[in-house]
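**Student:** Please find one structure pasted underneath; my questions will follow.
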Amino acid sequence: DAGITQSPRHKVTETGTPVTLRCHQTENHRYMYWYRQDPGHGLRLIHYSYGVKDTDKGEVSDGYSVSRSKTEDFLLTLESATSSQTSVYFCAISESINRGAEQFFGPGTRLTVL
Amino acid sequence: ELKVEQNPLFLSMQEGKNYTIYCNYSTTSDRLYWYRQDPGKSLESLFVLLSNGAVKQEGRLMASLDTKARLSTLHITAAVHDLSATYFCAVANTGANSKLTFGKGITLSVRP
């Protein structure tokens with residue numbers, strides 16, 4: 001298994017509170033991604049990173065921010081959590097999809113916003 | 001904008017029979033990924049298809065890619081209960097920092 005961990009694995013929080021999810025990799029892969037998974041929607045990309053301090057938006061980035069200060073860590077922050085952000089969040093890593101590399105997924109974080 | 005469609009979204013399969021599921025996408029790409037997800041678990045990589053005509057097989061699963069038709073198929077031979085899961089295809093966007101666009105997934109259920 002690719003060395004990807006996510007923390008926390010489960011979190012319950014209240015509307016309006018800030019939340020930070022952490023993804024940590026030991027593979028030294030360049031690319032890191034944050035997805036959310038909701039019933040009926042598959043996986044949707046929130047933000048991704050193509051290097052330290054290099055990030056870009058995905059298709060559902062509103063209400064989320066990210067930071068990557070080290071190769072191994074990619075943080076996802078919900079500045080003010082809303083109930084619509086209740087979801088399962090997956091982190092993924094890849095060397096380079098452009099060169100046909102695989103994308104590996106972390107175990108996921110289940111977030112509930114009350 | 002790249003769109004990825006999978007059909008059917010749910011398939012009930014009988015043990016021992018053969019089935020094919022489909023993944024269509026809307027814009028040019030020559031990189032397509034198949035993943036499997038068991039309930040409550042993460043996604044597991046099954047296949048990476050990197051060119052027109054690519055075919056990969058693992059056990060009872062065989063995946064192929066037709067980039068001209070923008071279509072990938074996942075063929076299941078002699079379905080068994082262990083294949084019950086949700087299967088996602090994902091297509092790589094073109095561009096300098098490419099990323100994957102996922103379909104909504106197909107849930108397969110194998111019955112005796």
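Here, each number is a calculation from the coordinates, and none is a lab measurement. The structure presented is a predicted model; accordingly, all values stated were derived computationally and were not measured. Here the Cβ is made from the backbone with ideal geometry for all residues, glycine too, and neighbour counts use every protein chain on show.
**Student:** Do you know which residues across the range A:99-114 are crowded, with 19+ Cβ neighbours inside 10 Å and away from chain B (no Cβ under 14 Å)?
**Tutor:** Selection gives A:L111, A:V113.
**Student:** While we're on this one: Name the residue that is surrounded by the fewest Cβ atoms within 10 Å (Cβ to Cβ), counting only residues in the range A:76-98 that are outside any strand (DSSP E or B) and within 9 Å of chain B (Cβ to nearest Cβ).
**Tutor:** A:S96
**Student:** May I pose another question? What residue, of B:T101, B:T77, is β-branched (V, I, T), farther than 26 Å from A:S96 by Cα and touching a residue at least 24 places away in the same chain (Cβ under 8 Å)?
**Tutor:** On the way: B:T101 fails: farther than 26 Å from A:S96 by Cα.
So the residue among B:T101, B:T77 that is β-branched (V, I, T), farther than 26 Å from A:S96 by Cα and touching a residue at least 24 places away in the same chain (Cβ under 8 Å) is B:T77.
**Student:** Also: Quick check on the range B:21-42. Is at least one of its residues small (G, A, S), buried (at least 16 other Cβ atoms within 10 Å of the Cβ), closer than 22 Å to A:M32 by Cα and in contact with a Phe, Trp or Tyr (Cβ under 6 Å, 6 or more places away or on another chain)?
**Tutor:** Yes.
**Student:** Pick from the range B:38-51 the residues that are assigned to a loop (DSSP other than H, G, I, E, B) and not charged (D, E, K, R): which of them is nearest to the chain's Cα centre (by Cα)?
**Tutor:** Here the answer is B:L50.
**Student:** Let me ask another. If the Cβ limit is 9 Å and pairs must be 6+ apart or interchain, which residue in the range B:5-25 that is assigned to a strand (DSSP E or B) pairs with which residue that is of a type in the set (D, E)?
**Tutor:** Listed pairs, sorted by first residue: B:Y22/B:E5; B:C23/B:E5; B:N24/B:E5; B:Y25/B:E5.
**Student:** Out of A:G16, A:G58, I need the residue that is at positive phi and among the small types (G, A, S). Which one?
**Tutor:** Values: A:G58 fails: at positive phi.
A:G16 is the lone residue from the list that is at positive phi and among the small types (G, A, S).
**Student:** For B:Y35, which of the numbered conditions (1) away from chain A (no Cβ under 13 Å); (2) assigned to a strand (DSSP E or B); (3) not acidic (D, E) fails to hold?
**Tutor:** Result: B:Y35 passes all but (1).
**Student:** Go through B:T94, B:T101 for me and flag whichever is surrounded by fewer than 15 Cβ atoms within 10 Å (Cβ to Cβ), closer than 21 Å to A:H47 by Cα and hydroxyl-bearing (S, T, Y).
**Tutor:** B:T94
**Student:** Could you pull out every one of the strands (runs of 3 or more DSSP E) wholly within the range A:19-74 that has 1 or more residues that are within 11 Å of chain B (Cβ to nearest Cβ) and touching a residue at least 40 places away in the same chain (Cβ under 8 Å)?
**Tutor:** A:31-38, A:42-51
**Student:** Working only within the range A:63-84, note down all residues that are more than 13 Å from A:W34 (Cα to Cα) and not aliphatic (A, V, I, L, M).
**Tutor:** So in the range A:63-84, the residues more than 13 Å from A:W34 (Cα to Cα) come out as A:63, A:69-72, A:79-84.
Hits for the range A:63-84 are A:G63, A:S69, A:K70, A:T71, A:E72, A:E79, A:S80, A:T82, A:S83, A:S84.
**Student:** Is the range A:7-24 home to any residue that is touching an Asp or Glu at 6+ places or on another chain (Cβ under 7 Å) and polar (S, T, N, Q)?
**Tutor:** no
**Student:** Output the residue which, of all residues in the range B:60-112 that are assigned to a loop (DSSP other than H, G, I, E, B) and charged (D, E, K, R), is nearest to the other protein chains (Cβ to nearest Cβ).
**Tutor:** Only one residue tops the list, namely B:K104.
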